[in-house]
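Laboratory data are not the source of any read-out in this text; all were calculated from the coordinates shown. A quick note: this is a predicted structure, and the numbers were derived from the prediction, not measured. Neighbour counts run over all protein chains shown; Cβ positions are idealised from the backbone, glycine included.
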Amino acid sequence: MITDLRSDTVTKPTPAMRRAMAEAEVGDDVYGEDPTVNRLERRAAEILGKEAALFVPTGTMANTIGVKLNTSHGQEVICESRCHVLNYELSMMAWFSGCLARPVFAGDGILRWEQIRREIRPLGPHWAPTGLIEIENTHNMAGGTVYPLETLREIREGAHGLGLKVHMDGARVFNAAEYLNVPVSRIAAEADTVSFCLSKGLGAPVGSLIVGTAGQMERGRLYRKRLGGGMRQAGVLAAAGLIALEEHPARLAADHLHARLLAEALARIPGIQVDPAKVQTNIVIFDVSGTGLAPAEFSRKLKERGVLMNGISATQMRLVTHSDVDRGMAEQAAAVVAEVAAAVAA
Ligand code: TLP
């Protein structure tokens, strides 16, 4: 058996999802006639506390539309240096929206208003004006870190005070809500548009949503079509998404527990560095340089023993817990990491 901790994107649809997909009522969503997609969009808007939602194939498309809705060509988007929109979306911000990223580093991935404020550029003879603040919650490459509500409020108030919008890449915003123990709508209220993924911790096979005002989502539909995201009888996907959205947030606590257990076990392994106290959600980033192995080599040795984890830098690896990994598998994976580290030391 393989324990796949490369990402929470790897989950397989549950039997209930497969049944719902097989039985889904469908129509042509490009005409707005897919009842299951419409239901998913209605429920997503309600749960996130926004006027409207738009179902899209991927988180990348949701963010692309989010940036486009809130900017115009030639503007800058302030974002954290390691964020997904800048590093893992094939420069879509530039390609589709004609914007430049203005990256700002925060060790824990969490931007503070004071940092953002210093980077805001007015219209002037030399500068591209700031168009948007983009925040990633939870922050993937900082290790699943969560924005405190107070920090989000300061960013929203500061940005709105200057006439700027806030887009939240909330691919894992339900993990953030679980960590803060608040309804996800409390978090979404602090951003103008929020993207989130059904296909990560929530366990759906495909799909993301973007939420915002009804007017924004109406324009968003056109951008989605331009991007090739008009999916026709997409109710088969939305049916699995509805189960993910309604039922799976409740099980994220287990993923967080397993991530914490893994981090604690890893911290005891000589040569591995990680601070379990910093693990807030389902992502653990750990340094393997002390073992004498590079992440790619470490990853290969883990794979030989049935455990999948990827390197994310010259020294660090990432593991992500999800619904297809139970406590026993998490414990077993930690034992395999210990075994590889010990084999190298010997
Ligand atoms: N993240 C993937 C990889 O692309 C890195 C992963 O395995 O974590 N925002 C955030 C914060 C993400 O982590 C991801 C995917 C996306 C957006 C994009 O989602 P998709 O893959 O659906 O385009």
- Note on the structure: Check: C-alpha center the range 269-345 vs C-alpha center the range 148-184, spacing in Å is 30
- Query: Given 20 °C and 1.002 mPa s, how large is the Stokes-Einstein diffusion coefficient of the range 78-202 in µm²/s, with Rh as the Kirkwood radius over Cα pairs?
  - Reply: 146
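Of all DSSP beta bridges in the range 12-248, what percent run antiparallel (nearest 5)? Working shown, then result.
Numbers: 10 of 26 bridges.
The antiparallel fraction comes to roughly 40 percent.
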- As computed over the chain, the Cα convex hull volume per residue (Å³): 129
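Taking 8 Å as the Cα distance limit and 6 or more residues as the minimum spacing, I'd like the relative contact order of the range 251-345 as a percentage. Provide the component values of the computation, followed by the final result.
Numbers: 146 pairs, mean separation 30.7, N = 95.
For the range 251-345, the relative contact order is 32 percent.
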- Computed over the range 227-323, the convex hull of the Cα set has an average projected area, in nm², of 8.9
- Between the helical axis of 35-48 and the dominant principal axis of the chain, each derived from Cα atoms, what acute angle in degrees is found, rounded to the nearest 10? 80
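Just want to confirm a number: the relative contact order over the chain, from Cα pairs under 8 angstrom separated by 6+ residues, in percent. Please report the intermediate quantities before stating the final value.
On the way: 728 pairs, mean separation 82.4, N = 346.
That works out to 24 percent.
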- Query: Using Cα atoms only, what is the angle between the long axis of helix 214-226 and the major principal axis of the chain, expressed in degrees (0 to 90) to the nearest 10?
  - Reply: 70
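Using the number of other C-beta atoms within 10 angstrom as an exposure proxy, rank ARG18, ARG156 with the fewest first.
Working: ARG18 14, ARG156 21.
Arranged by neighbour count, lowest to highest, ARG18, ARG156 become ARG18, ARG156.
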- Would you mind checking the tilt of helix 327-345 against the longest principal axis of the Cα atoms of the chain, expressed as 0 to 90 degrees and rounded to 10? 60
- ASP275 to TRP127: extension gain in nm, 0.36 nm per residue of separation minus the Cα-Cα distance? 49.2 nm
- Task: Could you please report the charge total around ASN137, scoring K, R as +1 and D, E as -1 over all other residues with beta-carbon less than 11 angstrom from its beta-carbon?
- Result: -4
- Highest-fluctuation residue, HIS126, HIS139, HIS322 considered, GNM on the chain with Cα pairs under 10 Å: HIS126
- Query: Using only helices, what value at 222 nm comes out for the chain when you add -39,500 (n - 2.57) per DSSP H run of length 4 or more and divide by the total residues, to the nearest 500 deg cm²/dmol?
  - Reply: -13000 deg cm²/dmol
- Task: Take the range 91-147, compute every pairwise Cα distance, and split them into 10 Å bins from 0; I just need the percent in each bin.
- Result: 20, 45, 31, 4
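I need MET217, MET21 ordered by Cβ neighbour count within 10 Å, fewest first. Don't skip to the end; give the middle numbers.
Values: MET217 23, MET21 20.
Listing MET217, MET21 from fewest to most nearby Cβ atoms yields MET21, MET217.
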- With respect to the cross-link table entries LYS278/LYS303; LYS68/LYS165; LYS12/LYS225; LYS12/LYS200, which display a Cα-Cα separation exceeding 20 Å? LYS278/LYS303; LYS12/LYS225
- Note on the structure: Expected sort for TYR223, TYR88 with the fewest Cβ neighbours (10 Å cutoff) up front is TYR88, TYR223
